[in-house]
1. So, of the residues in segment 168-184 that are surrounded by 14 or more Cβ atoms within 10 Å (Cβ to Cβ) and touching a strand residue (DSSP E or B) at 6+ places or on another chain (Cβ under 6 Å), which turns out to be nearest to LYS143 (Cα to Cα)?
2. Being at pLDDT 95 or above, on the phi < 0 side of the Ramachandran plot and in contact with a Lys or Arg (Cβ under 8 Å, 6 or more places away or on another chain) is the requirement here; does TRP207 meet it?
3. Looking for whichever is within 11 Å of the ligand (Cβ to nearest atom), surrounded by fewer than 21 Cβ atoms within 10 Å (Cβ to Cβ) and either over 11 Å from the mean Cα position of the chain (by Cα) or farther than 25 Å from VAL135 by Cβ (or both) here; the options are THR19, THR25, THR55. Which one fits?
4. Anything in segment 115-151 that is in a strand (DSSP E or B) and over 19 Å from GLU76 (Cα atoms)? List them, or say none.
5. Would it be correct to say that GLN89 is within 8 Å of the ligand (Cβ to nearest atom) and either over 17 Å from the mean Cα position of the chain (by Cα) or not β-branched (Val, Ile, Thr) (or both)?
6. For GLU66, state whether it is over 17 Å from the mean Cα position of the chain (by Cα) and free of Cβ contacts under 8 Å to residues at least 24 places away in the same chain.
7. Being in contact with a helix residue (DSSP H, G or I) (Cβ under 9 Å, 6 or more places away or on another chain) and among the acidic types (Asp, Glu) is the requirement here; does GLU108 meet it?
8. Go over the candidates LEU49, LEU60 one by one and state the one that is in a helix (DSSP H, G or I), surrounded by 14 or more Cβ atoms within 10 Å (Cβ to Cβ), within 12 Å of the ligand (Cβ to nearest atom) and at negative phi.
Amino acid sequence: MKYDPKTMQNYSSAHEGFTEHYNATPPWDIGKPQAPYLTVIDQVKSPVLDAGCGTGSTALFFAARELEVTGIDFVECAIQRARIKAAEQSLSVNFLVKDAMTLNDWNERFASVIDSGLLHIYSKEDQRQDRTRYVQGLAHVLKPGGRLFLLSFTDEAPEGGVSEQELYEIFAKGWEIESVQQVIGEINQEFLAKHPGAYQEAGPKMWFAVIRRTD
Ligand SMILES: C[S@@+](CC[C@H](N)C(=O)[O-])C[C@H]1O[C@@H](n2cnc3c(N)ncnc32)[C@H](O)[C@@H]1O
């Protein structure tokens, strides 16, 4: 079966599309953090929010380093799997079924936010309002001086994402982009075996950005 990286556009909502993806092996679910997160271990401070945490591998990685971590995802079965993994590893993470579009109504505050693959989902023109709402929510839950560690598809990825210029526009006011580099996202091996050629190169082109909330 040929995998179409644009399949997400065939669903009536992002929630429906992601729920369907979790019925099989999702391409992003690699059982560990994407490699760029290993380069910022010392910068990630408690309390940490993993927004769109999926089955929780990145949240658990930081919890294993004695950080206080909350992971949210709007797909219930992803959170169920994350909770099972936490129990198996005897790690404590506050995994919640929660829509990232509701961050503005939340009383929790964090020193660090991890976004490993969420923001770019809302990059198409008809989803820009959601993206704005999400970024406003990030500013609301992130303490001043806190950092967002963002991994996002570039606009060259087959799924579509954001250009570097767009990144600077999205985080223009109230934020400072401290660093941004282009990286290649790692794809689940089981997925690649089932869908050879789904990605032309080693994986999709992504930005890894460290972004500080300034006010
Ligand atoms: C590309 S996956 C990445 C998952 C995980 N961060 C990782 O690196 O393995 C994006 C995740 O964001 C979640 N997601 C998308 N939109 C969301 C929203 N509005 N609220 C909460 N989670 C969302 C999806 O269910 C999915 O688990």
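1. TRP175
2. Details: at pLDDT 95 or above: yes; on the phi < 0 side of the Ramachandran plot: yes; in contact with a Lys or Arg (Cβ under 8 Å, 6 or more places away or on another chain): no.
Considered against the rule, which asks whether it is at pLDDT 95 or above, on the phi < 0 side of the Ramachandran plot and in contact with a Lys or Arg (Cβ under 8 Å, 6 or more places away or on another chain), TRP207 comes out as no.
3. Working: THR25 fails: within 11 Å of the ligand (Cβ to nearest atom); THR55 fails: surrounded by fewer than 21 Cβ atoms within 10 Å (Cβ to Cβ).
Going through THR19, THR25, THR55 in turn, the sole match is THR19.
4. Residues of segment 115-151 in a strand (DSSP E or B): 115-116, 142-151.
Within segment 115-151, LEU142, LYS143, PRO144, GLY145, GLY146, ARG147, LEU148, PHE149, LEU150, LEU151 meet the criteria.
5. Values: within 8 Å of the ligand (Cβ to nearest atom): no; either over 17 Å from the mean Cα position of the chain (by Cα) or not β-branched (Val, Ile, Thr) (or both): yes.
In short, no.
6. On the way: over 17 Å from the mean Cα position of the chain (by Cα): yes; free of Cβ contacts under 8 Å to residues at least 24 places away in the same chain: yes.
Against the criterion (over 17 Å from the mean Cα position of the chain (by Cα) and free of Cβ contacts under 8 Å to residues at least 24 places away in the same chain), GLU66 qualifies.
7. Numbers: in contact with a helix residue (DSSP H, G or I) (Cβ under 9 Å, 6 or more places away or on another chain): yes; among the acidic types (Asp, Glu): yes.
Against the criterion (in contact with a helix residue (DSSP H, G or I) (Cβ under 9 Å, 6 or more places away or on another chain) and among the acidic types (Asp, Glu)), GLU108 qualifies.
8. Values: LEU49 fails: in a helix (DSSP H, G or I).
The conditions single out LEU60.
The values are calculated or read from the model by the stated rules, or taken from the named source; none is laboratory data. Here the structure is a predicted model, which is why all the values come from computation and not from measurement. Every residue, glycine among them, receives a Cβ derived from its backbone with ideal geometry; neighbour counts consider all protein chains shown.
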